[in-house]
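Asker: Supplied in structure tokens, the structure appears directly below.
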Amino acid sequence: MLLLRRAPTVILVLYSCILLCESKTVNEVRHHGRKFPDGFLFGAATASYQIEGGWDADGKTENIWDHMTHNEPCSTDDCLNGDVADNSYNLYKRDVEMARELGLDFYRFSISWARILPTSFPDKINEAGVQYYNNLIDELLKYNIEPVVTIYHWDLPQKLQEMGGWTNSFITDWFADYSRVLFEQFGDRVKYSVYWITINEPREVCYQGYGTNTKAPRLNITGMAEYMCAKNLLVAHAKVYHIYDQEFRATQGGTIGITLSAQWYEPENENHAEAAETLLQFEWGEYAHPIFSKTGDFPPVMKEKVAAKSAAQGFPRSRLPEFTAEEIEMVRGSSDFFGLNHYTTYLVYSNESLEYDAPSYYDDIEAKLYHPNHWSGGASVWLKNIPWGFYKLLTKIREDYDNPPVYITENGFSTRGGLDDDDRIIYYRGYLNEMLNAIEEGSDIRMYTAWSLMDNFEWMRGYTERFGLYEVDYESPERTRTPRKSAFVYKEIVRTRALDFNYEPDTTVMTIDEGH
Ligand code: GBH
């Protein structure tokens, strides 16, 4: 009776609470944005060949990008190269200043192998090269910005290429020797844990550089060279992981892992679900499965398909090299985090007809990928703005690999230049929002990195496509860097640790906030 009489009041209280609480969260989201988790880190990234210049300064020797752009200048769209690029070799203090303006927690950059080891080997260490990165690291630490250091971002010393590069299994030692020098030289910064990334985007190194001609060294031997590269690269990475783990971690306390490029592959319709899954396993499962799955080794579907095709084509063994049992164990689990570079999504359909020259990578896959005409995107033909693909990818990583810690080490958008980059802002907000959705559902995502801090040498596209939060003026000898509108928006996200779709920045002056 009592209960019954009270029921309306209870209901009323509950009801008004629901109203109040609801409107409060809605308002909070509207005015302050969606919060990122406590401890979440924000940064921005660059890579040595894309920004440094100083291609032959102070003892640095030639790498595969110097070699290609000097010998075939118009291999890039604008026939330009990275000889000077953003001149960060001299202007690194300005780069750190920009990181301070943005209020970044960390700055991700890469080290040039040929700048540190001019002979490619540790018989000679180039002091000037070591000094350059020491200066950069010290400048970052002075302002509490953590270094996230990529050991290899595509600029292999030319001499090693002439000895086969990533197709020569000796590279596992060459890469290990080089990495050990870096741990010895740079790993000791007290109090700060350095984050190490062994290799940036194996898929681009191997497929684009060895399987096709779309990146140096442009080997263009598909169905063969990219698989040899993949095996050696994974073993090289794992060797370095274990060296750090056994010889340096106890005293230096950093974390170390690999960064994979992974796009989302959506089946055109449910009839193509298997094709999409197969394609995904070739595109990035090739590297993720050996490291992050419970069983290790290349993905089963990949082993089966390449072996079957190889046999039918008359090869005495599979064109996909095998790992030994020992190598499988060494590679499995060899990353403290899943470093993820993500930009875009493709649709996939199965395609068994022989449209490709065989053997080839896509003939092995028997699927094709494309972007529908109505998808809009950036200045790069391959870059469509499809935020939901990011969510699906993050969910897949969580489900397939037992929710590893994920570091988003690149995500970003290209334009043809200009300071009013609303399309880039829309892209960043959309992708960050989907990342938050994945976090809400349990994905263990710990950091986010914008590509890029500033415009830079965009590989085969030269300087025609711009990814920077800061615009770089290549006409000026100072390579003047100017913040775009997106820089102000990113700064506000980092400052408030929240995503507010309605924030309109005042873009008149960029300042450094207190504490940076
Ligand atoms: C990153 O790669 C790089 O790490 C970075 O150096 C680069 O500046 C940045 O992105 C922007 O491009 O040519 O058929 O393989 C991104 C990787 C490059 C993967 C373009 C997809 C297009 C399809 N992506 N690639 S294809």
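Read-outs: derived from the displayed coordinates by stated rules, not from any lab. Keep in mind it's a predicted model, so treat the numbers as computed, not measured. Because the Cβ atoms are built from the backbone with ideal geometry, glycine has one as well, and the counts that use them run over all protein chains shown.
Asker: Cβ neighbours within 10 Å, averaged per peptide: list 81-92, 415-426 in order, most packed at the top.
Answerer: Result, highest mean Cβ count within 10 Å first: 81-92, 415-426.
Asker: Give the percent of DSSP beta bridges with both residues in the chain that are antiparallel, rounded to the nearest 5.
Answerer: Working: 12 of 49 bridges.
That works out to approximately 25 percent antiparallel.
Asker: While we're on this one: Name the residues whose placed amide hydrogens come within less than 5 Å of the amide hydrogen of residue 259, ignoring near sequence neighbours (fewer than 5 apart) on the same chain.
Answerer: Sorted by chain and number, the residues that satisfy this are 198, 199, 201.
Asker: Sticking with this structure for a sec: Would you pull out the residues with amide H under 5 Å of residue 107's amide H, same chain only if 5 or more places away, H placed 1.01 Å from N?
Answerer: 146, 148
Asker: Using a Förster radius of 30 Å, what is the FRET efficiency between residue 373 and residue 304 based on their Cβ-Cβ separation? Nearest 0.05, please.
Answerer: With R0 = 30 Å, the Cβ-Cβ based efficiency is 0.30.
Asker: Each residue of region 41-55 in turn: what ³J(HN,Hα) in whole Hz from Karplus with 6.51, -1.76, 1.60 and θ = phi - 60°, glycine and Pro shown as x?
Answerer: Result, rounded to whole Hz: 10, 10, x, 9, 10, 8, 9, 3, 5, 6, 10, 5, x, x, 5.
Asker: Once amide H atoms are placed 1.01 Å from N in the peptide plane, what residues at a sequence separation of 5 or more from residue 63, or on another chain, have their amide H within under 5 Å of its amide H?
Answerer: Sorted by chain and number, the residues that satisfy this are 158.
Asker: Which value in nm describes the separation of the simple spin-label points at residue 440 and residue 295, placed 7 Å from the Cα toward the beta carbon?
Answerer: Those two pseudo-labels are separated by 3.5 nm.
Asker: Could you please report the charge total around residue 224, scoring K, R as +1 and D, E as -1 over all other residues with beta-carbon less than 14 angstrom from its beta-carbon?
Answerer: Once all neighbours under 14 Å are counted, the net charge is 0.
Asker: Turning to a different aspect of this structure: Note down the net charge around residue 471, summing +1 for each Lys or Arg and -1 for each Asp or Glu among other residues with Cβ under 12 Å from its Cβ.
Answerer: +1
Asker: Where does region 317-414 land on Rg/Rh, using Cα atoms and the Kirkwood Rh?
Answerer: 1.03
Asker: A further question follows. When a/c reaches 1.5 or more, the comparison of a/b and b/c decides; with that in mind, is the chain rounded, prolate or oblate per its Cα gyration tensor?
Answerer: Oblate, since a/c reaches 1.5 and b/c is not below a/b.
Asker: Which value in deg cm²/dmol, rounded to the nearest 500, describes the helix-derived mean residue ellipticity at 222 nm for the chain, given -39,500 (n - 2.57) per DSSP H run of n ≥ 4 and division by the residue count?
Answerer: So the calculated ellipticity at 222 nm is -12500 deg cm²/dmol.
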